[in-house]
Structures are given as structure tokens and as C-alpha cells.
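To start, the structure under review is shown below, and the notes come after it.
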Amino acid sequence: MKNKKMLMPAAIYVRRSCAKSNDSSCEDQKNHCLKKMGELGFYLAHEQDLYEDDVVSGILFFTRKRMAQILDILKTPRPLDPRPYEAIFVDDISRIARNIAFCALFGQALRFHKIKLFDALGHEYTSLEGYCMLLIMALGAEITRTFLSSQTSRGIHAAAQRMALSKKAYGFKPANNFLLSEIKNAVLNNINVEEAMNE
């Protein structure tokens, strides 16, 4: 095991998966994150850096007290110096939110403060490519949640994640991709993405 002096501090965010999930749901998420943190050279420096919300909804982010605490840290208009941690880990990116506007703003805030966002598989979402994938996956979750059954939604989400995070997907330049550019601009300009798609 690496010396802690060589490791970088990180935080973990967990949220209960669903109303029927067992009591170990958040604990399982935490363990998955801790394992990947160690592999990537991070560690949980303080217990308060484990943010746990015992709520189901990934849409109504303002009801999540522990997420609100992360947002309080990020809302400063100047880059954090020093940063409280170098990265935030989640078991799955859907734990952040199933709301594209929130994911866009959350990702932008992390990029501004140079704090990385990882899932338990080691995918990083704060590089330019990763941020674009975060927007695509959040948009997909929002659309499938609205129009499709939960089983179909999970299947599409998994397929989109595999495709978006494949090595081939990282071969393109997001800055030159019209669709990604339009999604990002729509979100940052507070345009209703679903309305824009139906025009």
C-alpha cells in the first residue's frame, strides 16, 4: 500500500439507490469507491469527506443536505486554494443527479476548481471529453426517465455508458462535435433541452 504522503485526498458521495434498497446500499457504494480510490492514488482524509444522502430522488437535488454541503464549498467565485480534496468519487454517475442542468453546472464548478470527478470504475468526468459524456448520460437519463419504462431506461443508460466511455469514443474532439456543443450551450443558457429537441 502506498504511503499516505504520496496519496491525494478525495471525497466520496453516496446516495441510496431506491426506496426498496437495503441498508447496505450506501455502504456498498462507499466500499466500491474506496477500492478505486486506492487504485488511483487517492484516500479519504477525513470522515466528514464522506457525504451520504439517505434520499432516493436524483432529480430534486435541493432536498439532499449532504450534496448541498458540497455545493456550499464549490460556490465561491474564486478557485479554491487550497482545495479541500483533489477529487470526488461516486459509485455510479447517476448518484450525482438525473438532471442534466444540475450535472452541467456541477461539472462546470468542479472543472473551475480543478477537482476531479470519478466513478467506481475509474472513469473521469471532468476532462473536456469526460464532461461532455457526463452531459450526454444525464440527458439520456432524463429522457428515458420521462418516456420509457425503468427497465428500458436502465438498459439504455448502460449501453450509452459503455459506448460513451469506450476508447473509440474518446477519439473524437468534443469541441468540434456539433451535438455536444449544442447540448452544452443549451444547458448553460438555461434552455429547456426537451423543448429544444421537440422544435
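Computed from the coordinates by the stated procedures, all read-outs in this text should not be read as laboratory data. Only a predicted model underlies this, so the values are computations on that prediction, with no experimental measurement involved. Cβ coordinates were reconstructed from backbone atoms using ideal geometry, including for glycine residues, and neighbour counts include every protein chain displayed.
Place the peptides 119-132, 63-76 in order of packing, highest mean first, counting for every residue the other Cβ atoms within 10 Å and averaging per peptide.
Put in order of decreasing packing, that is 119-132, 63-76.
With Cβ to Cβ distances under 11 Å as the rule, what net charge do the other residues near Phe102 carry (K, R +1; D, E -1)?
+1
Using a simple spin-label model with points 7 Å from Cα along the Cα→Cβ vector, what separation in nm is obtained for Phe112 and Lys35?
Modelled inter-label distance: 3.6 nm.
Going by the alpha-carbon gyration tensor, a ≥ b ≥ c the square roots of its eigenvalues, is segment 28-129 rounded (a/c under 1.5) or, if a/c is not under 1.5, prolate (a/b greater than b/c) versus oblate? If you can, show how the numbers build up before the last one.
Details: a/c = 1.30, a/b = 1.06, b/c = 1.23.
Rounded.
Using the alpha-carbon centroid of each, what span in Å lies between segment 89-138 and segment 27-51?
Using only Cα atoms, the two centres lie 17 Å from each other.
Defining a contact as two alpha carbons under 8 Å apart and six or more residues distant in sequence, what relative contact order in percent does segment 79-139 show?
After rounding, I find 39 percent.
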